[in-house]
Amino acid sequence: MSLVAGCDVGSTTGKAVILKDGEICSYAIIQCTPSPVKTAQLVMAEAARKAGLSGTEQLAYIIGTGYGRMKIPFANENVSEITCHGAGAHWLCPSVRTIIDIGGQDCKVISLNNEGRVIDFVMNDKCAAGTGRFLEAMTRVLSLSLEELSNISLEATSPANITSQCSVFSESEVITLLNEGREVPDVAAGIHLAVANRLLALVKKVGQQPDLAVAGGCAKNTGLIKILAEKLNMPIVALPRDPQIIGALGAAVLAGQKAG
Amino acid sequence: MVEIKPFNPEQTQKLVETLALAPMLGEIVPSERSMGVVATALADYYRSILSAVENGKPIVLQQLCVGPELFYAFDVQPVNPEAWAAVPLLTNPEMAVPYLEIAENAGVAADLCSVNRTMIGELIGGSIPRPDFITWASQPCDSIKVGYYIAKYLTGVPMFFIDSPQWDTPECLDYYAHQVRQLIVFLEEQTGRKLDWDRLKEVVEESNRAVEYIIELNELRKLVPCPSDSRVPTYLFITFMTMLGLPGATAMYKAFRDEAKERAQKKEGVVPEEKIRGIWFSIMVPWDLFWQNWLQEELGHVNVMDMFGYLTALPIDTSTPDKLIRGLAERWHMAVPMGRQARGIVDSYFNDFLYVYEEWKGDCLILAGNSGCRWLKGAYGMLREICREREIPALQFDIDIFDPRFVSAQAYRGQVEDFLTTVVMPAKAAKKR
């Protein structure tokens with residue numbers, strides 16, 4: 001029996017995936033604590049518990065990834081989240097050539113070849129616009145949960161125009177739009193449109209190749225995915241597993257290769 | 001009207017003291033030998049400026065696309081503000097920050113390139129000598145045009161402007177040469193002296209010797225493994241626009257050439273195992289230039305050629321004054337990096353990159369997109385497409401050339417490291433299979 005794991009400590013959540021004989025055995029997602037070490041320990045303990053393991057000692061190889069990857073104490077090595085997202089998406093869906101990862105504090109677009117090797121990537125990490133943080137900020141203004149934001153935007157009839165250059169200014173714009181009497185669904189759809197436009201510019205930089213998949217927590221936002229697919233003029237492939245674990249899954253897949 | 005403080009030499013004196021230590025560092029740490037050589041030359045340059053201020057020698061604020069040769073022939077001290085600000089960044093990454101703030105507080109737009117904002121802040125703050133006159137050209141960018149005009153407005157000194165034509169046709173070069181003649185008239189008026197043609201010939205012949213060394217050095221950089229340090233192209237550029245025509249500059253280029261030649265003869269590279277030959281065909285990050293050491297040592301990445309090291313200058317025929325003037329016009333118009341690429345149609349930039357990529361056997365393109373550089377950033381999308389068609393791995397990231405607060409070192413370094421390890425190394429390995 002071969003047990004390996006990947007642990008992805010991001011800016012907002014920690015994710016861990018355990019593979020048993022090349023199949024997903026368990027996974028866990030938790031909110032980040034202020035300490036990346038603690039986040040890693042907690043999320044891995046949760047994944048191990050779900051797999052019926054007593055701890056990480058039974059894991060033959062562990063790869064860490066994400067922003068906190070250098071701080072994962074039990075990892076045998078760490079690998080960049082770009083490589084891990086590529087490996088995870090390719091493992092789940094070998095036809096994927098373009099991955100959009102919408103993380104908590106950055107977004108990136110990764111281009112893969114038919115072997116799953118990363119051939120290009122581009123990221124936006126100096127501004128929260130186009131990231132999960134942007135959507136979180138908007139939910140606060142609208143007093144909605146992320147799920148509610150997603151669902152309500154699907155009812156829009158005429159999405160509002162919101163700039164995607166700066167989260168802080170966008171918050172002001174949303175308040176102005178609400179004061180002008182715009183319907184909440186239209187504002188919600190406008191928010192998704194702003195994010196989609198931001199992502200579209202990144203996708204064009206690496207080249208839009210089918211199949212295209214979205215990873216990260218924001219991939220669960222159906223309102224955003226719908227608008228993004230319209231902007232891209234291309235269907236977005238639904239990954240057969242939780243899109244939030246793709247980085248950790250890729251790390252586990254790479255760990256499996258290391259463990260032989 | 002904004003008040004300009006009198007020049008305070010203290011900061012420059014400290015810089016000279018710091019630069020004077022670099023050769024000792026070079027003796028202890030072999031990888032710093034190049035820095036030691038360039039630091040000696042730069043220390044001399046700064047000393048000569050301090051001495052010019054002290055002795056009342058005329059000082060010209062000289063923009064990068066107006067070469068220094070004529071000024072040395074006139075015994076006028078050129079101060080190149082781009083280099084003036086860039087060199088201290090090698091020792092203190094945040095050196096430009098207070099001057100950027102001075103300029104912005106004086107009303108200069110924050111989206112003007114930080115190179116020009118720093119110059120304006122330094123003029124106002126008194127950390128650059130107040131010039132007696134200003135010379136500048138319309139190459140390479142709009143920020144330059146605005147920045148130098150603000151410098152004229154602030155100082156109120158006479159200004160000579162070279163209108164750079166868009167093309168390289170004989171007619172364009174005639175037009176440029178005509179302006180070089182007018183510049184001579186301007187300098188004669190400002191200094192009250194006639195040009196000594198024999199002295200100009202002497203300076204240009206010295207610059208020709210320097211150019212010969214640069215050509216040889218850049219040829220050696222084509223070797224695999226590359227025998228010359230990643231930072232040398234930046235040093236070449238800084239000194240080319242400030243010191244060309246001085247024996248100190250020639251000695252420095254010779255030292256770079258000798259160092260590379262010595263390694264090449266032993267079939268050695270600048271790093272024991274060269275893994276990636278990078279082409280940084282936009283800016284290097286001057287406030288983080290020493291990170292190139294880490295890239296060399298840890299990842300085996302060598303910047304084999306970049307846009308600023310790609311100096312296409314040729315020796316100038318000094319046999320007649322006409323040929324000499326024509327040669328200077330060609331050199332300033334066609335051979336100054338960035339100026340060369342940023343005029344006319346953008347194809348010149350793409351063609352230069354593709355030529356450099358092939359000739360210097362590059363593995364990838366790295367584009368550090370300066371926030372104030374509209375023309376370069378506008379061209380990046382097309383250049384990426386060109387690279388994609390040719391399967392050339394390419395990375396573009398945002399940065400500010402003088403302001404480390406815009407994107408942190410940590411943020412951009414992570415992208416470069418990820419690119420080299422995640423995209424370039426596997427691509428090279430796949431090619432070998």
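The values are calculated or read from the model by the stated rules, or taken from the named source; none is laboratory data. What you see is a predicted model, and the numbers here were worked out from it, not measured in a lab. Cβ coordinates were reconstructed from backbone atoms using ideal geometry, including for glycine residues, and neighbour counts include every protein chain displayed. Accessible surface is based on the protein model in full, side chains and every heavy atom, while ligands, DNA and RNA are left aside. Shrake-Rupley method; radii C 1.70, N 1.55, O 1.52, S 1.80 Å.
Worth pointing out:
- Test: B:VAL304 is in a loop (DSSP other than H, G, I, E, B) and aliphatic (A, V, I, L, M): no
- Filtered residues of the range B:12-63 (kept if outside any helix (DSSP H, G or I) and more than 21 Å from B:GLY126 (Cα to Cα)): B:VAL29
- Failed criterion for B:TRP291 (all others in (1) touching a Leu at 6+ places or on another chain (Cβ under 7 Å); (2) within 25 Å of B:ALA411 (Cβ to Cβ); (3) surrounded by fewer than 20 Cβ atoms within 10 Å (Cβ to Cβ) hold): (1)
- Looking across the range B:398-412, the residues that are more than 8 Å from every other protein chain (Cβ to nearest Cβ) and closer than 15 Å to B:ASN370 by Cα come down to B:ILE399, B:ASP400, B:ILE401, B:PHE402, B:ASP403, B:PRO404, B:ARG405, B:SER408, B:ALA409, B:TYR412.
- Lone unmet requirement of (1) at pLDDT below 95; (2) assigned to a loop (DSSP other than H, G, I, E, B) for B:LYS267: (1)
- Selection of the range B:102-120 for residues being free of Cβ contacts under 8 Å to residues at least 24 places away in the same chain and part of a helix (DSSP H, G or I) yields B:ILE102, B:ALA103, B:GLU104, B:ASN105.
- Condition met for B:SER127 (hydroxyl-bearing (Ser, Thr, Tyr), assigned to a loop (DSSP other than H, G, I, E, B) and open to solvent by less than 60 Å² (accessible area, probe 1.4 Å)): yes
- A:LEU53 meets the conditions (1) open to solvent by less than 40 Å² (accessible area, probe 1.4 Å); (2) under 27 Å from B:THR422 (Cα atoms) in every case but one. The failed one is (2).
- A:GLY190 being buried (at least 17 other Cβ atoms within 10 Å of the Cβ) and either more than 14 Å from chain B (Cβ to nearest Cβ) or more than 26 Å from B:LYS377 (Cβ to Cβ) (or both): yes
- If only residues of the range B:64-80 that are part of a loop (DSSP other than H, G, I, E, B) and not small (Gly, Ala, Ser) are counted, the one that is most open to solvent (accessible area, probe 1.4 Å) is B:ASP75.
- A count restricted to the range A:116-141 and to residues that are open to solvent by less than 20 Å² (accessible area, probe 1.4 Å), out of contact with any Gly (no Cβ under 9 Å at 6 or more places or on another chain) and either away from chain B (no Cβ under 14 Å) or in a loop (DSSP other than H, G, I, E, B) (or both) stands at 7.
- Criterion violated by A:ALA201 - all others in (1) touching a residue at least 40 places away in the same chain (Cβ under 8 Å); (2) aliphatic (A, V, I, L, M); (3) within 20 Å of A:PRO159 (Cβ to Cβ) satisfied: (1)
For (1) in a helix (DSSP H, G or I); (2) open to solvent by less than 10 Å² (accessible area, probe 1.4 Å), each residue gets a yes or a no:
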| position | (1), (2) |
| --- | --- |
| A:GLU57 | yes, no |
| A:ILE63 | no, yes |
| A:TYR67 | no, no |
| A:THR83 | yes, no |
| A:GLY88 | yes, yes |
| A:SER95 | no, no |
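- Matching residues in the range A:23-47 - criterion: being in a strand (DSSP E or B) and touching a residue at least 40 places away in the same chain (Cβ under 8 Å): A:ILE24, A:TYR27, A:ILE29
- Complete set of residues in the range A:200-220 that are away from chain B (no Cβ under 14 Å) and either of a type in the set (D, E, K, R) or within 30 Å of A:VAL4 (Cα to Cα) (or both): A:ASP211, A:LEU212, A:ALA213, A:VAL214, A:ALA215, A:GLY216, A:GLY217, A:CYS218, A:ALA219, A:LYS220
- Taken together, the residues in the range B:81-94 that are surrounded by fewer than 23 Cβ atoms within 10 Å (Cβ to Cβ) and in a loop (DSSP other than H, G, I, E, B) amount to 4.
- Looking across the range B:365-420, the residues that are among the aromatic types (Phe, Trp, Tyr) and open to solvent by less than 20 Å² (accessible area, probe 1.4 Å) come down to B:TYR380, B:PHE397, B:PHE402, B:TYR412, B:PHE419.
- Residue within the range B:190-206 that is within 26 Å of B:ARG33 (Cβ to Cβ), buried (at least 16 other Cβ atoms within 10 Å of the Cβ) and touching a helix residue (DSSP H, G or I) at 6+ places or on another chain (Cβ under 9 Å) present: yes
- Among all positions in the range A:205-225, there is no residue which is open to solvent by less than 40 Å² (accessible area, probe 1.4 Å), of a type outside the set (Gly, Ala, Ser), more than 20 Å from the chain's Cα centre (by Cα) and closer than 30 Å to A:ASP120 by Cα.
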